[in-house]
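Every number in this text was worked out from the coordinates using simple rules, so none of it is lab data. In this text, all values refer to a predicted model and were calculated from it rather than measured experimentally. Cβ: placed from backbone, ideal geometry, glycine included. Neighbour counts: every protein chain shown.
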Amino acid sequence: MELAIRYGGVENIPLYNCSEHTPEEWTRMHGEKHPIAGFLYLVYGIIIVMIYIPCLKVMISKELFRLSCFKIMFLLGLVDLCAITVGSIINGFLLIEGAVYCSHPSLIYPSGSMALFGWCSACMICLILVINRILDILRPSMVKTYFKGYRTYLILSFPIIYGMYFIFFTPPVTFYSPRQSWFFDPFINNETDPLKYTNMPHTINNFTIVFVTCFLYLFLCIALYLKVKKASTSTSHRSHKSIFIQSTIMCMINLIASIIYVLMQFIPVPGWLIIVAQMTWQGGHGAPAIVYITLNRTIRTGVLRLLLIKKNSSSSSQITPASNQTNSRLANISNTGETTDGKEY
């Protein structure tokens with residue numbers, strides 16, 4: 001976006017100049033319609049938004065939002081909604097139309113910047129969240145020290161600033177319907193070196209933060225396993241199995257998306273692999289909402305009450321107290337392992 005500001009508009013940026021043809025001509029000459037795929041992306045995006053919004057509403061309830069993990073999860077949800085809006089909803093409309101970058105430069109350029117913001121900010125927030133959960137399990141006193149009160153908001157300012165850097169100071173991804181995905185190269189001029197559009201900070205993000213986060217997820221599973229090993233109840237084993245499955249799914253989705261998206265910017269890859277990258281990218285942003293509503297008892301119960309499907313009761317509306325045993329606390333662990341243990345962070 002810094003280039004758009006410097007040149008006084010998206011259309012005036014030299015490397016993104018579409019003046020050679022009209023938008024309709026660009027679409028007709030280079031676009032390729034994919035109505036079925038576009039419809040599926042559109043429906044997926046709308047469904048995820050409809051699931052995510054009530055989950056976020058539950059997270060900001062007084063009893064949950066005082067916990068640092070739910071503050072982090074709430075911000076992650078807002079960022080995911082930004083990414084889903086671009087990568088699924090806008091992406092669906094563009095696929096149905098068969099658009100390319102020059103069909104709608106004023107829409108696609110800022111949307112691509114927003115998509116980068118969503119992905120890179122979410123990567124940083126996930127890293128913070130898994131660190132928060134590891135500390136809560138191994139060093140609860142450190143969670144009180146570093147995530148108490150306003151300190152959580154201060155920490156969460158870093159992923160926002162990190163994402164804003166990608167919006168203003170790095171090239172955006174642009175839509176290209178023949179390959180059904182988003183690329184840094186807008187495919188305007190075949191004579192232009194594609195490396196001029198390279199976004200190295202994005203590459204660094206995908207090969208550092210994503211890999212580190214996956215490693216920490218593995219460490220979290222090991223720590224939880226050691227914690228529940230002493231407990232012989234079936235509840236603790238089910239909780240650990242659920243956390244392991246959730247962590248594995250999240251890691252694999254993000255890892256596949258991050259690797260393929262870097263590779264397809266530099267080397268030719270099969271069309272089906274590009275589609276896999278697109279699906280895993282959007283799957284990574286939509287999976288938390290699905291996990292919350294299916295595997296997180298606390299959020300699922302709150303959503304059911306919000307929708308008046310499940311009646312509120314004094315016994316079930318309470319946050320699990322800190323004095324409960326390990327298996328009771330683990331029963332409320334979500335996709336990143338947060339516990340609703342009654343402590344205010």
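Structure data summary
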item: Cα-based shape type of the stretch 1-98, given that a ≥ b ≥ c are square roots of the gyration tensor eigenvalues and the cut on a/c is 1.5; result: oblate
item: Long-range amide H partners of residue 181 with built H, under 5 Å; result: 176
item: Listed peptides 215-227, 263-275 by packing density, highest first (mean Cβ within 10 Å); result: 215-227, 263-275
item: Of the GluC sites (Glu not before Pro) in the stretch 1-103, those whose Cβ has at most 11 other Cβ within 10 Å and which sit in DSSP loop; result: 20
item: Protection-proxy order for peptides 144-154, 293-303, each taking the mean of Cβ atoms within 10 Å per residue, highest first; result: 293-303, 144-154
item: Vicinal HN-Hα couplings computed from phi for the stretch 141-151 (Karplus, 6.51 cos²θ - 1.76 cosθ + 1.60; Hz; Gly/Pro x); result: 5, 6, 5, 5, 6, 9, 10, 7, x, 5, 5
item: Protection-proxy order for peptides 101-111, 42-52, each taking the mean of Cβ atoms within 10 Å per residue, highest first; result: 101-111, 42-52
item: Dipole of the stretch 81-220, positive end: most advanced residue of 100, 162, 220 [Cβ charges, Cα centre]; result: 220
item: Label-reachable residues, the stretch 1-41, where backbone N falls under 12 Å from a point 7 Å from residue 106's Cα toward its Cβ; result: 9-12
item: Set 33/57; 33/71; 33/196; 57/196 screened for pairs whose C-alpha atoms are more than 32 Å apart; result: 33/57; 33/71; 57/196
item: Built amide H within the under 5 Å cut-off of residue 98, gap 5+; result: 34
